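Visitor: Here's a structure for you.
Laboratory data are not the source of any read-out in this text; all were calculated from the coordinates shown. Being a predicted model, the structure only gives us computed values, none of them experimental. Glycine gets a Cβ as well: all are built from the backbone with ideal geometry, and neighbour counts include every protein chain shown.
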Amino acid sequence: MKRLGLDATDIRILSAVQQHGQLSKTRLAEIANLSPTPCWARLDRLKAAGFIRSYHADIALERICDITQVVVTVSLTHHRKINFDRFEAFVDGQDEITDCVATGGGVDYVLRVVTTSLVSFQQVMQTMLDAELGVDRYMTYFVTRSVKTRRPNLARLAGTAPGKSVSPTA
């Protein structure tokens with residue numbers, strides 16, 4: 001992929017999309033402090049370059065049904081690529097596992113599991129164990145409330161100031 005230099009306006013566009021999802025051409029242009037046509041052209045360029053993976057809505061699940069959220073740490077017995085690939089393929093196929101990050105250090109993975117009940121959660125874990133993925137141990141942490149869930153501040157991460165350009169790696 002070709003390198004694309006980002007300036008403060010690109011960061012404002014990305015930040016707006018990250019915070020609000022899909023916006024009208026006019027509203028996005030207002031937030032980015034740019035006229036609509038050039039703003040839309042920049043948005044198209046950012047999409048084409050792969051900076052925007054998808055759009056999401058933050059749904060208040062607890063208003064729809066009762067949910068049980070559990071954070072699970074997982075350590076595998078063996079640490080070869082084939083073991084990681086197999087575990088990750090399993091995780092990818094489980095709708096209840098909403099997040100999975102591979103970590104270095106004491107555990108191999110941290111998962112977020114969202115189910116309708118403790119019994120449903122136990123079924124997910126039993127399915128994982130029955131799949132014989134080489135799980136050495138796992139620890140569960142039940143979420144009692146969500147304190148903070150946000151996307152990072154793009155302008156701060158990118159270190160952009162007016163006129164400063166950032167060239168991300170491809």
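Visitor: By how many degrees, 0 to 90 and rounded to 10, does the Cα axis of helix 81-92 deviate from the longest principal axis of the chain?
Guide: Helix 81-92 sits at roughly 80 degrees to that axis.
Visitor: Using only the Cα atoms of the stretch 56-148, what semi-axes does the equivalent ellipsoid have when each is the square root of 5 times a gyration tensor eigenvalue? Give whole Å, largest first. Don't jump to the answer; show the numbers that get you there.
Guide: Numbers: eigenvalues 118, 38, 31 Å².
Result for the stretch 56-148: semi-axes of 24, 14, 12 Å.
Visitor: Let me ask something additional. Per-residue HN-Hα couplings for the stretch 64-74, Karplus 6.51 cos²θ - 1.76 cosθ + 1.60 at θ = phi - 60°, whole Hz, x for Gly and Pro?
Guide: Once θ is set to phi - 60°, the couplings for the stretch 64-74 become 8, 7, 6, 10, 10, 10, 9, 9, 10, 9, 10 Hz.
Visitor: Still on this structure, I have one more. Per 0.36 nm of contour for each residue apart, how much would the distance between residue 156 and residue 60 grow if the chain were fully extended, relative to their Cα-Cα spacing?
Guide: Working it through step by step, the gained length comes to 31.8 nm.
Visitor: Of the listed values (i) 38, 21, 14; (ii) 26, 17, 16; (iii) 35, 22, 14, identify the label whose number matches semi-axes √(5λ) of the Cα gyration tensor in Å calculated from this model.
Guide: Answer label, from the structure shown: (i).
Visitor: Using θ = phi - 60° and the Karplus form 6.51 cos²θ - 1.76 cosθ + 1.60, what ³J(HN,Hα) does each residue of the stretch 113-128 get, whole Hz, x for Gly and Pro?
Guide: 10, 10, 9, 8, 6, 5, 4, 5, 4, 4, 5, 4, 5, 5, 4, 5
Visitor: With each pseudo-label sitting 7 Å past Cα toward Cβ, what's the residue 145-residue 27 distance in nm, one decimal?
Guide: 3.0
Visitor: Related question: Once phi is turned into ³J(HN,Hα) by the Karplus curve 6.51 cos²θ - 1.76 cosθ + 1.60 with θ = phi - 60°, what whole-Hz value does each residue of the stretch 7-24 show in order, with x for glycine and proline?
Guide: 10, 4, 5, 4, 5, 4, 5, 4, 4, 5, 5, 4, 7, 10, x, 6, 10, 5
Visitor: Okay, moving on. 5 Å is the cut-off here: which amide hydrogens, built 1.01 Å from N in the peptide plane, fall below it relative to residue 7, excluding neighbours closer than 5 in sequence?
Guide: 166
Visitor: Using packing as a proxy for protection, rank 105-117, 139-151, 61-73 so that the peptide with the highest average count of other Cβ atoms within 10 Å comes first.
Guide: Going by the mean number of other Cβ atoms within 10 Å, highest first, we get 105-117, 61-73, 139-151.
Visitor: Just want the answer: with Cβ charges of +1 for Lys and Arg and -1 for Asp and Glu, which residue in 158, 83, 140 is farthest toward the dipole's positive end in the chain?
Guide: The one lying farthest along the dipole's positive direction is 158.
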